[in-house]
Amino acid sequence: MNMAMIKKMQNDMMKAQAEIEASTFIGKAANGDISVEINGKKEVTKVSIAPALVDPEDVSFLEDLVMIAINDATKQADDKTEATMGKFTGGMKLPGF
């Protein structure tokens, strides 16, 4: 592998990483009554909760549903990162990818 190929691969990886970071992932729970939107950096950007799910007597149930939605969105981001960056890493786990 020559330097030009290495430089191209590095540029392609940086472009792919930027594309992932610009992506949006929406995790859902309770048949979509709760949704959590995160970006490719795994930062929560939006939370939506259907008013019918808000029960002051059972806050822990609502907390569990929000956690499920966040985990769903995070898994989607991880899966896309692994699929996209796996082309460059050959399946190796590299820090930050």
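The values are calculated or read from the model by the stated rules, or taken from the named source; none is laboratory data. The structure displayed is predicted, hence computed values, not measured ones. Virtual Cβ from ideal backbone geometry, glycine too; neighbours counted across all protein chains shown. Protein only, heavy atoms only, side chains kept; ligands, DNA and RNA dropped before computing areas. Shrake-Rupley method; radii C 1.70, N 1.55, O 1.52, S 1.80 Å.
The length gained on full extension between residue 59 and residue 71, counted as 0.36 nm times the residue separation minus their Cα-Cα distance, comes to 2.5 nm. What does the C-alpha gyration tensor say about the overall shape of the chain? Classify as rounded when a/c is under 1.5, otherwise prolate if a/b is larger than b/c, or oblate. Prolate, because a/c is 1.5 or more and a/b exceeds b/c.
Compared with the dominant principal axis of the Cα atoms in the chain, helix 3-22 is inclined by about 10°. Whole-Hz Karplus values for the range 43-52 come out as 9, 5, 10, 7, 10, 10, 10, 5, x, 5 Hz, taken residue by residue from phi with 6.51 cos²θ - 1.76 cosθ + 1.60 and θ = phi - 60°; glycine and proline positions read x.
Ordered by 1.4 Å accessible area with all protein chains kept, 25, 61, 88 run largest first as 61, 88, 25.
Measure nothing fancy, just the Cα-based angle from helix 59-89's long axis to the longest principal axis of the chain, in degrees from 0 to 90, nearest 10. Once rounded, one gets 10 degrees. Of the peptides 29-40, 74-85, the ranking by mean beta-carbon count within 10 Å, highest at the top, reads 29-40, 74-85. Pairs of Lys residues in the range 5-46 are counted when their Cα atoms are under 24 angstrom apart and they lie 8 or more places apart or on different chains; the count is 7. Between residue 52 and residue 4, the contour length at 0.36 nm per residue exceeds the Cα-Cα span by 11.5 nm.
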